[in-house]
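Read the structure below first, then the notes.
The values are calculated or read from the model by the stated rules, or taken from the named source; none is laboratory data. All values derive from a computational prediction rather than experimental measurement. Here the Cβ positions follow ideal geometry from the backbone for every residue, glycine too, while neighbour counts run over all protein chains shown. Side chains included, ligands, DNA and RNA excluded: accessible areas come from the protein's heavy atoms. Shrake-Rupley method; radii C 1.70, N 1.55, O 1.52, S 1.80 Å.
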Amino acid sequence: MIRNTTRNQKLGWVMFVIYLAFLVYFMFFAESFGRDPELREYAYNLEPFKEIRRFYTYRELLGMQAFLLNVVGNVAAFMPCGFFLPIVSRRSRKGCNTFLLCFLLSLCIETTQLCFRVGSFDVDDLILNTCGGVLGYLAHCMVQRIRARRRRRCVR
């Protein structure tokens, strides 16, 4: 398997593994994100857009930083996933596969948070994380188009 990979794929794998390590740290161990082991209780939200609506409605009371951290942070956290998956896996070059893998990774993280009582299971996080993965995939597609145009210009 490793013999048939390109230099970019190998570099993509290294970057993807580093990204996953950071993701695991922030999702499960970072105390600055409310991952205090003393406060372990079940917390979950199964109603779509409930927390997003709550953060938006009370953004002045909670502060704009809390709103941005929750909404924009969840999207931004999964953009690298959508960007690197097509690099490391040929199957992920199809948008639907990247969408599905980003959703499944997010579901695994949210379920693990629920089982180990670290953070909370939130369907809104699934939605935002998956949107972030799709945006990362679209960014990857844009980069590939730019690279293809530059290659065509150099050949002429």
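Kindly evaluate Val143 against the criterion of being over 19 Å from Gly82 (Cα atoms) and of a type outside the set (Asp, Glu).
Spelling it out, it is not the case that Val143 is over 19 Å from Gly82 (Cα atoms) and of a type outside the set (Asp, Glu).
Conditions tested, residue by residue: (1) polar (S, T, N, Q); (2) under 13 Å from Cys141 (Cβ atoms); (3) modelled with pLDDT under 95; (4) not in a helix (DSSP H, G or I).
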{"residue": "Pro80", "(1), (2), (3), (4)": "no, no, no, no"}
{"residue": "Ile87", "(1), (2), (3), (4)": "no, yes, yes, no"}
{"residue": "Ser92", "(1), (2), (3), (4)": "yes, yes, yes, no"}
{"residue": "Leu100", "(1), (2), (3), (4)": "no, no, no, no"}
{"residue": "Phe103", "(1), (2), (3), (4)": "no, no, no, no"}
{"residue": "Thr111", "(1), (2), (3), (4)": "yes, no, yes, no"}
{"residue": "Gly119", "(1), (2), (3), (4)": "no, no, yes, yes"}
{"residue": "Ile127", "(1), (2), (3), (4)": "no, no, no, no"}
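Among all residue pairs at least 6 apart or on different chains, which show Cβ distances below 9 Å where the first residue, located in segment 81-92, is open to solvent by less than 10 Å² (accessible area, probe 1.4 Å) and the second is among the basic types (Lys, Arg)?
Pairs that qualify, where the first residue is open to solvent by less than 10 Å² (accessible area, probe 1.4 Å) and the partner is among the basic types (Lys, Arg), are Pro86/Arg93; Pro86/Lys94.
Name the single residue, out of those in segment 111-138 being free of Cβ contacts under 8 Å to residues at least 24 places away in the same chain and not polar (S, T, N, Q), that is least open to solvent (accessible area, probe 1.4 Å).
Leu126
Here are the criteria: (1) surrounded by 13 or more Cβ atoms within 10 Å (Cβ to Cβ); (2) out of contact with any strand residue (DSSP E or B) (no Cβ under 8 Å at 6 or more places or on another chain). Tell me which single one Asn45 does not satisfy.
(2)
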